[in-house]
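Student: This structure is in structure tokens; I'll ask about it shortly.
A short reminder: the numbers here are calculations on the coordinates, not readings from a lab. It should be emphasised that the depicted structure is a prediction, and the values quoted were computed from it without experimental measurement. So basically every Cβ, Gly included, is an ideal-geometry build from the backbone, and we count neighbours across all protein chains shown.
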């Protein structure tokens, strides 16, 4: 009689490309959102139609496919939906928690500096403690009060909730899934469906999730194999680079204003690179940028690995660690954005202060990433001698990775 042998699947190794580019996006997001930060003028979004938001959302789509796609294949739609519902619950409370943390911090700053509610008002958070606080707090809890700094996580919740639906559509074939994604983008881009962002006006969410799901599910589609991996050819890379350079005059404000007819051309094209509703030029620009990054990173990130061996090891490792702990680093980055703005304002926004504030924030984000990774490794769950035996035997330390979600808890 034959006996069944059960073989445990080999643990998946992390893709350094995913972690590195997510980490890079988190640093850029901090720089771009810290008020009065002079470095924001040099972030990639100033020189092109797309910016760090596309990098972050695209990588989140890849990570979601790696985690939830496999769960859908192995356990079906119900278990996949249950896991995603749990994740949405976690991210929802992370959003609520960081809002109140920043609210308390800004109330404290205003009280300490005697500035009334200036800092609170600067973040559009004074409505939470106004005479109409009851209605606005209800809006906060129902995601119909979403101030500007807090609009990424609500969008991500919608994108995550769409994953089981897109996977179910894919049962009719990959082209059905791709067509569904394209149609939903058309609805979002045309502003046919919008979600209110504040109870006292008709302003919608800045990030229309129905439009932004296009870049999210593009990453998802590549990871699922619905879209083929693009071949890397020198001519294609050079062509992509030339097209990116040609877009700079229309994207970079000082050049667009200086060029003859530059401003009028830019205004004509503006709907096509609208950020909130994810205009088509943003998508094209991002795909060109992503292709070049893909080519430079090399197969399975070999290019990044070689870069580590040329003296940039600590840089690549630190950025990748930040990218592997996205949710805790993102949440800390939101708080650091606000505190950095206060520090730069009080310091007179000098060049020296800008360098010190930015590098201090980078250091804290890296520290948060390593601390979160340490806690996730559950070092208290195994005796020290058992851990030492595993390391002596050459086994990889058993840590909880965050491939189950693009925003790790």
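Student: Checking the a/c ratio against 1.5 first, then a/b against b/c, what shape does the Cα gyration tensor give for segment 154-305?
Tutor: Oblate, because a/c is 1.5 or more while a/b does not exceed b/c.
Student: Quickly estimate the mean residue ellipticity at 222 nm for the chain, helices only: each DSSP H run with n ≥ 4 gives -39500 (n - 2.57), and the total goes over all residues, rounded to 500.
Tutor: -21000 deg cm²/dmol
Student: Can you check what the Kirkwood hydrodynamic radius comes to for segment 58-206, Cα pairs only, in Å to one decimal?
Tutor: With all distinct Cα pairs of segment 58-206 included, I get 17.5 Å.
Student: Over segment 16-378, what is the relative contact order in percent, taking alpha-carbon pairs closer than 8 angstrom and at least six residues apart?
Tutor: This gives 29 percent for segment 16-378.
Student: Sticking with this structure for a sec: Can you compute the modelled spin-label distance between residue 111 and residue 132, with each label point 7 Å from Cα toward Cβ, in nm?
Tutor: Taking the two extended label points, one gets 2.6 nm.
Student: Can you give the direction-averaged projected area of the convex hull of the alpha-carbon atoms in segment 217-349, in nm²?
Tutor: 12.3
Student: How would segment 9-80 be classified by its alpha-carbon gyration tensor: rounded, prolate or oblate, with rounded meaning a/c under 1.5 and the a/b versus b/c comparison settling the rest?
Tutor: Prolate shape, in that a/c is at least 1.5 and a/b is the bigger ratio.
Student: I'd like to compare 184-194, 230-240: which one has the highest average count of other Cβ atoms within 10 Å, and what's the full order after that?
Tutor: The densest-packed peptide leads the list: 184-194, 230-240.
Student: Over the alpha-carbon set of segment 23-119, divide Rg by the Kirkwood Rh and report the Rg/Rh ratio to two decimals.
Tutor: Across segment 23-119, the Cα-based Rg/Rh ratio is 1.13.
Student: Here is a further query. Taking the Cα atoms of segment 16-378, what is the range of coordinates along each of the three principal axes, in descending order and whole Å?
Tutor: In descending order, the Cα extents are 59, 53, 48 Å.
Student: Provide the gained length on full extension for the span residue 261 to residue 92, in nm with one decimal, where the gain is 0.36 nm per separating residue minus the Cα-Cα distance.
Tutor: Extra length from residue 261 to residue 92 when fully extended: 56.3 nm.
Student: Still on this structure: How would you order 161-172, 83-94 from highest to lowest mean count of nearby Cβ atoms within 10 Å?
Tutor: 161-172, 83-94
Student: Here is a further query. Mind jotting down a quarter of the surface of the convex hull over the alpha carbons of segment 304-384, in square nanometres, one decimal?
Tutor: Here the figure is 7.4 nm², rounded to one decimal.
Student: Continuing with the same structure: If you rank 100, 273 by fewest surrounding Cβ atoms within 10 Å, what's the result?
Tutor: Going from sparsest to densest Cβ surroundings: 100, 273.
Student: Right, here's the next one. Where the eigenvalues come from the Cα gyration tensor of segment 132-220, what are the semi-axes √(5λ) of the equivalent ellipsoid, largest first, in whole Å?
Tutor: Here the semi-axes work out to 29, 13, 10 Å.
Student: Rg over Rh of segment 38-83, using C-alpha atoms and the Kirkwood radius, what does it come to?
Tutor: Here the Rg-to-Rh quotient is 1.31.
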